[in-house]
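The values are calculated or read from the model by the stated rules, or taken from the named source; none is laboratory data. Quantities reported herein were computed from a predicted structural model and do not represent experimental measurements. Note that we place each Cβ from the backbone using ideal geometry, even for glycine, and neighbour counts take in every protein chain shown.
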């Protein structure tokens, strides 16, 4: 048997997946674990997970995420991230970033951080009750990304329009299929992001508004089932959907209609009070229904009104940090040789130690898979 072609085919089939979070109270690592468990349980193809985090991720929770991935025979890599100085300074004038935490901005930096061609990004308040390969196989062609129209945006159309964005095309940033190579073909993508915040410091949803401003003119609208809003439908049928618990009604709340499904997936993780069961099987919780009040996302008005103006774009170079470690198949830890001290993501692009710089065209160099 020729092993090399089989290995190459397996790598080509691998799904690249990114999650990003801040974990001050230790709970968001658990929520991320549930998201991963929901994917692993329902997806047949191998998954390579990229965790973007800050210093709040404890060693214990890192190990649990590692054990979860290897237990299902998938791989995982960790990327400690510090916001670039120019972005951090701009965020000092964007009050709403404190509502969403700086980690919400990590998805904006994925083209510079993660050295892959294409990747699925997920928020930690989703449950993937389907085989995520269906989303992965979506052909982006020349589009920067694929995303789902925001099902609650019509409540704030005036605010969206004031930023020069079209509410009919405005997408939600909780589930995104990024065409990273397509983005890197535009060497000004990072500077365009900075310019959005320079021109719109009163944005109420920083990452989402910026993504729409920079990429909204060239994105692929996806079917609603790839980012199905729990709060936007009275009939909570979660069958064959990526369910997004946007707003204040989260699936980890015991009063949420998604609580039972969340608990089922939680029981597959190291955070479970039961012994975790690492096995792929048909989706659980299919057809679960319930009732809840639709809690609408509100933008601030008088006194804290977030007003904006349209951004203009230029160009920038960036750098990315190498993953700390990855889990090999069968639970083997693959450790990288140290090249100086490892440092979190740092921009602009002066690389030192373990930080590798990106070229002007933003193509990652020296990626280790």
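Before moving on, here are some points about what is shown:
- Condition check for residue 288: part of a loop (DSSP other than H, G, I, E, B) and either touching a strand residue (DSSP E or B) at 6+ places or on another chain (Cβ under 9 Å) or at pLDDT below 95 (or both): yes
- Residues (touching a residue at least 40 places away in the same chain (Cβ under 8 Å) and over 17 Å from the mean Cα position of the chain (by Cα)) located in the range 161-180: 162, 163, 164, 165, 166, 169, 170
- For the range 169-195, the candidate set comprises residues that are in contact with a strand residue (DSSP E or B) (Cβ under 9 Å, 6 or more places away or on another chain) and assigned to a helix (DSSP H, G or I); within that set, the residue that is surrounded by the fewest Cβ atoms within 10 Å (Cβ to Cβ) is 181.
- The range 144-161, residues that are part of a loop (DSSP other than H, G, I, E, B) and buried (at least 19 other Cβ atoms within 10 Å of the Cβ): 144, 150
- Residue in the range 69-89 that is modelled with the highest pLDDT, counting only those that are assigned to a loop (DSSP other than H, G, I, E, B) and under 19 Å from the mean Cα position of the chain (by Cα): 74
- Selected residue (only one of 99, 116, 34, 94 is more than 13 Å from the chain's Cα centre (by Cα), farther than 20 Å from residue 193 by Cα and either modelled with pLDDT under 95 or assigned to a helix (DSSP H, G or I) (or both)): 34
Let's see how each residue does on (1) closer than 19 Å to residue 178 by Cα; (2) in a helix (DSSP H, G or I); (3) within 14 Å of the chain's Cα centre (by Cα); (4) at pLDDT 95 or above:
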site: 1; (1), (2), (3), (4): no, no, no, no
site: 5; (1), (2), (3), (4): no, yes, no, no
site: 11; (1), (2), (3), (4): yes, yes, no, no
site: 24; (1), (2), (3), (4): no, no, no, no
site: 38; (1), (2), (3), (4): no, yes, no, yes
site: 50; (1), (2), (3), (4): yes, no, yes, yes
site: 61; (1), (2), (3), (4): no, yes, no, yes
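- Screening 225, 198 for residues that are in contact (Cβ under 8 Å) with a residue 60 or more places away in the chain, part of a helix (DSSP H, G or I), farther than 27 Å from residue 58 by Cα and touching a strand residue (DSSP E or B) at 6+ places or on another chain (Cβ under 9 Å) leaves exactly one candidate, 225.
- Some residue of the range 228-244 being surrounded by 19 or more Cβ atoms within 10 Å (Cβ to Cβ), in a helix (DSSP H, G or I), touching a residue at least 60 places away in the same chain (Cβ under 8 Å) and in contact with a helix residue (DSSP H, G or I) (Cβ under 9 Å, 6 or more places away or on another chain): no
- Screening 64, 44 for residues that are over 19 Å from residue 240 (Cβ atoms) and either touching a helix residue (DSSP H, G or I) at 6+ places or on another chain (Cβ under 7 Å) or touching a residue at least 12 places away in the same chain (Cβ under 8 Å) (or both) leaves exactly one candidate, 64.
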